[in-house]
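To start, the structure itself, in structure tokens.
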Amino acid sequence: MLLLGTQRINERGHLEVGGCDAVELARQFGTPLYVLDETTFRRNMRDYRRAFEKRYPRNEIAYAGKALLCMAVARIVAQEGYDLDVASAGELYTALKAGFPPQKLVFHGNNKSLFELQMAVRHGVGRIVVDNLLELEMLERVAAEAGKQVTILLRVTPGIDPHTHRFIRTGQADTKFGLNIRNGYALEGARRALASPHLYLKGIHCHVGSQLLDTEAQERAVKIMVDFMHTLRKQLGYTAEELNIGGGLGIRYIESHQPPSFDEYAERIVNVLTEQLERRNLPYPTLLQEPGRALVGEAGLTLYTIGAIKQVPIHQPPGTRTYVAVDGGMSDNPRPQLYDAVYTALVANKASQPANTVVTIAGKHCETDVLIRNVAIAQPEPGDILAVPSTGAYNYAMSSNYNRFPRPAMVLVNEGRAEIIVERETLDDLLAHDRIPERLRAEQPSPVG
């Protein structure tokens, strides 16, 4: 059984999280329900920062908002003293409306629009991570028109192919992200940025991928990035003040997942970084990072209500498969369909009972929509509450209205208190932006014939 953060089995034999009985949460707020454990989220942010501060003199950490962002999350991130990485006008707007300090925002995106760049410059975003040469030209014009000098980082591609699903690799040479080091684009981007009076090149950035369960790819990326810093100084006379190595550290989705601890991760990254800086005789830059999943993933939990249960014959042993349907699925968690993401589960109202029934958890959408294959849970019955841990990252953030499902609510739990931070969508919300042209209103439906 995978119990994470403040999760435990309480005296009633129920799953408890943040001091709240999961069964009571489902009863009070309905299902599907996203649950965010505030204590675990904050603890992760503090432990991650502490791991690096003990080992490296200058650190700045931005929470990657793409993992999970709403206004309450932005407030928590600000209260913990983190920067915030945003990757669209929508994420930027969410942060600003939550009162997040704009100077502590890091703005990403591989194809930023003119509107987004103008919005970022107008609000005084602290750093814009420039992805390509077109963006560099656009941003220079926007900054000139605004009469400002804009602080930027250059996103470069180190050519690292990490051990993770192909859809969440971002640092290899064949990628849409960043300026390639090997073909000279990264050097040319730096040359152009340094020549502009309206752009202040503060450093370089990379990101190699997500859900990394070892440090090999990050260590290789750090070596390449320090070598590129050396090239910048040698060829352009430029010394980078900041090195941003992105995020990517994985979490425990199932018990066999054993990512490095924050301390182990920091130890390996800092050792490689300092060794390479000393080898190249470079001054220590400020080390920037952008963890998201590593901070919020295990702080999230999704609750469902079990409905139909059916057995079907299969050719493989034991000859049958038991499908357990829940009242959500790929609209609230598309990750299993997108890149074969794996999860575990437990029956929240039977958490103290033996997990002796192997089932396949299916959603209720008009697709195959399998959430979890071959998971052992307590004997399920219709009406039971199923809990899926480690859903804090890229579940709500990637949710949709497929099949016209309203998106679930999200509650923040802490020391026995549960508070709504995202309201459940209603059926009327689904229609809020629909419009019927007048000519379609005027013409009556054909009679059934």
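Where a number appears in this text, it was derived from the coordinates with a stated rule and is not lab data. All of these numbers come straight from a predicted model, not from anything done at the bench. We place every Cβ from the backbone using ideal geometry, glycine too, and count neighbours over all the protein chains shown.
One table, with the values for the structure above:
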{"item": "Span from the region 305-347 Cα centroid across to the region 48-103 one, whole angstrom", "result": "35 Å"}
{"item": "0 to 90° range, to nearest 10: angle between helix 38-53 axis and the chain longest Cα axis", "result": "30 degrees"}
{"item": "Fraction of beta bridges assigned by DSSP in region 38-292 that are antiparallel (%, nearest 5)", "result": "5 percent"}
{"item": "Local electrostatic count, LEU36, Cβ distance below 12 Å [Lys/Arg +1, Asp/Glu -1]", "result": "-3"}
{"item": "Relative contact order for the chain, counting Cα pairs under 8 Å that sit 6 or more residues apart, in percent", "result": "19 percent"}
{"item": "Cα gyration tensor category, rounded, prolate or oblate, for region 6-71 with a/c compared to 1.5", "result": "oblate"}
{"item": "The chain: most fluctuating residue of ILE377, ILE314, ILE254 per GNM, C-alpha cutoff 10 Å", "result": "ILE314"}
{"item": "Sequence of ILE76, ILE61, ILE361 once ranked by neighbouring C-beta atoms within 10 Å, starting from the fewest", "result": "ILE76, ILE61, ILE361"}
{"item": "Extension gain from PHE115 to LYS310, taking 0.36 nm per residue of separation minus the Cα-Cα distance", "result": "65.1 nm"}
{"item": "Spin-label pair THR39/THR320, simplified geometry with 7 Å Cα→Cβ offset, distance in nm", "result": "4.1 nm"}
{"item": "Qualifying GluC sites (Glu not before Pro) in region 6-92, DSSP loop, other Cβ atoms within 10 Å at most 15", "result": "GLU11"}
{"item": "Ranking of LYS104, LYS234 by count of other Cβ atoms within 10 Å, fewest first", "result": "LYS234, LYS104"}
{"item": "Region 379-425: GluC sites (Glu not before Pro) falling in loop per DSSP and having at most 15 other Cβ within 10 Å", "result": "GLU415, GLU423"}
{"item": "Non-local Lys pairs in region 38-292, i.e. 8 or more apart or on different chains, that have alpha carbons under 17 Å apart", "result": "8"}
{"item": "Candidates per GluC sites (Glu not before Pro) in region 253-351, loop by DSSP, up to 14 other Cβ within 10 Å", "result": "GLU255"}
{"item": "Full-stretch length increase - ARG58, ARG439 - with 0.36 nm per residue and alpha-carbon distance subtracted", "result": "130.8 nm"}
{"item": "FRET efficiency for LEU134 and THR231, using Cβ-Cβ distance with R0 set to 25 Å, rounded to 0.05", "result": "0.60"}
{"item": "Residues of region 175-216 with amide N under 15 Å of a point placed 7 Å along Cα→Cβ from LYS148", "result": "198-201"}
{"item": "FRET efficiency, THR426 to GLN103 (Cβ-Cβ, R0 30 Å, nearest 0.05)", "result": "0.20"}
{"item": "Exposure proxy order (Cβ contacts within 10 Å, fewest to most) of CYS366, CYS20, CYS206, CYS70", "result": "CYS366, CYS70, CYS20, CYS206"}
{"item": "Computed P(r) (all Cα pairs; the chain; 10 Å bins; percent)", "result": "4, 19, 27, 23, 15, 8, 2, 0, 0"}
